[in-house]
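Since the structure comes first, as structure tokens, the remarks are kept for the end.
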Amino acid sequence: MGRRAKNKQGNPEPFAEANGQAGRPSAKKLGKRKANADDAGGAASKRPTKKLKEQEAKLETQKGHAKKGNEKKGRTVPKAPVKKKQEESEDEDEDEDEVMESGSSEGWENVDDGYDVKTEARSLFRDSDEEGGLESFTGDLDEFNVEDEDDENESLRGPVQELDLGSDEEEEEEEEAVPVRLKGKKSKQQERPAKIIPTGSDDSETDEDENDEDGPITMANMEARSRAMDAKAARDAELDAEEMRQAELASDHEPPEDDMDGAEVEEGGEFQLPTAEEREEEKKAGGPQVHVVQRRMRECVRILNNFRKHAAKGRSRSEYVAQLMSDIASYYGYNEFLSEKLFQLFPVSEAIEFFEANEVPRPVTIRTNTLRARRRDLAQALINRGVNLEPIGKWTNVGLQVFESSVPIGATPEYLAGHYMLQAASSFLPVIALGPQPGERVLDMASAPGGKTTHMAALMQNTGVIFANELNKARTKSLTANVHRLGCKNVVVCSYDGREFPKVMGGFDRVLLDAPCSGTGVISKDASVKTNKTERDFTLLSHLQKQLILCAIDSVQPDSKTGGYLVYSTCSVTVDENEAVVDYALRKRPNVKLVETGLEFGVPGFKSYRGKTFDPRVSMTRRFYPHVHNMDGFFVAKFKVERRTKKAAAQSADEPEGEAASAFAFDDEADKAIIEESKEELKRKSMKAKGLRVRARAKAASAA
Ligand SMILES: C[S@@+](CC[C@H](N)C(=O)[O-])C[C@H]1O[C@@H](n2cnc3c(N)ncnc32)[C@H](O)[C@@H]1O
């Protein structure tokens, strides 16, 4: 398998200005893909890169530069246009900026020609071993990798899970073969016979293998190979675009029923929704067989995409939806409540893409700590150790994507020396949006394990001061460790409930509230979310988030000469944790307004959702999705806080609970019990973290 194929991440290019609608596969398209893949034998374990590729091809072709747009290798997270200002503030490396901007070969031209990475990596390994170098780190990795299992990012959830430290025996074996130490978790999909909606990219693995010649990748041939891959990607993009045009053309001329996407009859005869009895029998037999569920899901998607045409007489849309949601839950392993909640966020076909993307690990990415290293130097040092990497994209000057590595990325000398942070690309976004400036006073209200705190310290060039607050004392250890490792000298770690601000301290130029959330954006890293989140969790969380956001707003200094901003972010995709919280804040604090995040990609937030209307400015917020942007699901909103006038204060007190409020807001009086429960829950968690005995929840509740 090719070098990149081993760490294939689905799709590459960004969907700059994606709006969530763009390029959604039509029913026709899905059918066509399915037919293609079925022809190819319904191969198992293929990644859901298709839609991304199609969208890219379409968008990029429209823009007239498909060549750049479709790097089929799935080797990048979004390469979105970058703002000049961000570039300047994020990286001091001017030379590198030049190379990046020239766009010639993504910044690697000036490394030594003829350098054989594999050979060098082998010798480095030996050297390290002799010196007790890398080997000696493995035992202590946990300490260095900082974590706490429920951390949202960094070394905790994602990348480190990917690392395979292996046993000593493996080590020896691997040294011979130039080991790949970076491994994806085996997804459930890989054990399944076929995809729900097979895609044309299903043959991409073969393509990649063809592309990856056997010889060693050297500095000399890296660029040429990269160009060859780009050229191939461009050809693929053209083919895809052509296929898309054909599909669209065909949909303009009603297809015959036996067309690929018509009411085709799959193996097993005409599709019928199961009756209640059949479903009961299915349950008794231990649930449906995988191939039955797959087919049923495919059929339901097809029918729901053109209900009038394809639905069986007498069956309602809601019956198909109910069947599909139930099958999604069993096929992907979600509880029914969550599968429904997530399903409702998207049009039918896109929902499947989302669930599929959650089965695939996101790219492993690192952030250069510009307090200690320049990205170019860091990249060179890691390449010398046998790490295959490249810049994430033009939107960040500090990010690197790691494709494979023969060393544990969380234990290299550079890691230990604080030259980089293992950090999900999505985690860069709120910090870029906040844009902390040197000399400012900043609050990071919920900060452990410190990925964003340390990023802000770097942007502030270790000047000014950042108060890094974290409720959970146990988690302040990893936060402090990271602050030290990365050489941040302007950070004060503290441990309060965020809701105690600004009483504890206020008057900040900027505040980041990276709120505690359900983690529905990071399911690929933490599959437990699929089953352990209930309706009650979402109620409690959104209450907490609403309380925290008001405290965060009140902690901002409206008269700040340089700032006066708040960024609210979550790694969740649910509306109650995102737009509903933002809408609530806008209503409760008329002295704040939403401003553009400055992030040039991402889908606008929902202005309305399931019959509820939010403040129209909520569309200035940005959503990020695994299936669209190949990053963790994420949400970012940026506020400007202004001076509170008497009139505004009165307005906020009188603020009627609007249309959206009924569903998403809370009334302090009526919900007192819930708020108390949420406090109780936090207390329990904190006690647990300290190793204290915690009363069982039911007892605690009745006692309260
Ligand atoms: C999404 S994580 C923060 C990740 C962090 N910003 C980073 O980039 O590394 C949310 C954090 O909020 C903490 N937290 C939960 N409730 C809190 C509260 N009431 N006040 C402050 N922090 C809280 C959690 O313990 C968790 O560490």
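The values are calculated or read from the model by the stated rules, or taken from the named source; none is laboratory data. All figures in this text were calculated on a predicted structure; none of them were measured in a lab. Reconstructed Cβ throughout: ideal geometry from the backbone, glycine too, with neighbour counts over all protein chains shown.
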Could you tell me which numbered condition Gly439 fails, if it satisfies all but one of (1) near the ligand (Cβ under 10 Å from one of its atoms); (2) small (Gly, Ala, Ser); (3) closer than 26 Å to Met505 by Cβ? (1)
Right, Arg587: modelled with pLDDT of 95 or more and assigned to a strand (DSSP E or B) or not? no
Going by the conditions given, is Glu657 modelled with pLDDT under 70, in a helix (DSSP H, G or I) and either more than 16 Å from the ligand (Cβ to nearest atom) or closer than 30 Å to Arg475 by Cα (or both)? no
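Can you list the helices (runs of 4 or more DSSP H) lying wholly within region 292-378 that have 1 or more residues being buried (at least 23 other Cβ atoms within 10 Å of the Cβ)?
Result: 317-332, 336-343, 348-357.
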Which numbered condition trips up Gly487, out of (1) closer than 16 Å to Gly564 by Cβ; (2) in contact with a Leu (Cβ under 6 Å, 6 or more places away or on another chain); (3) part of a loop (DSSP other than H, G, I, E, B)? (1)
Is one or more of the residues making up region 500-521 within 11 Å of the ligand (Cβ to nearest atom) and assigned to a helix (DSSP H, G or I)? yes
Residue check, Phe538 outside any helix (DSSP H, G or I) and assigned by the TED database to the domain that holds Pro436: no
Verdict on Gly410 being of a type outside the set (A, V, I, L, M, F, W, C) and within 16 Å of the ligand (Cβ to nearest atom): yes
With within 11 Å of the ligand (Cβ to nearest atom) and free of Cβ contacts under 8 Å to residues at least 60 places away in the same chain as the only criterion, which of Thr463, Thr453 stands out? Thr453
Residue list for region 466-496, filter: surrounded by fewer than 18 Cβ atoms within 10 Å (Cβ to Cβ) and within 11 Å of the ligand (Cβ to nearest atom): Lys473, Ala474, Cys494, Ser495, Tyr496
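Please go through region 543-573 and pick out each residue that is more than 13 Å from the ligand (Cβ to nearest atom) and either over 22 Å from the mean Cα position of the chain (by Cα) or in a helix (DSSP H, G or I) (or both).
Correct list: Ile553, Asp554, Val556, Gln557, Pro558, Asp559, Ser560, Lys561, Thr562, Gly563, Gly564, Tyr565.
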Using beta carbons and a limit of 6 Å, which pairs, at least six apart or on different chains, have the first residue in region 469-484 and among the hydrophobic types (A, V, I, L, M, F, W, C) and the second one surrounded by fewer than 21 Cβ atoms within 10 Å (Cβ to Cβ) and assigned to a helix (DSSP H, G or I)? Ala474/Ala689
What is the one condition in (1) touching a residue at least 12 places away in the same chain (Cβ under 8 Å); (2) surrounded by fewer than 17 Cβ atoms within 10 Å (Cβ to Cβ); (3) under 25 Å from Glu680 (Cα atoms); (4) away from the ligand (no atom under 13 Å from the Cβ) that Arg536 does not satisfy? (1)
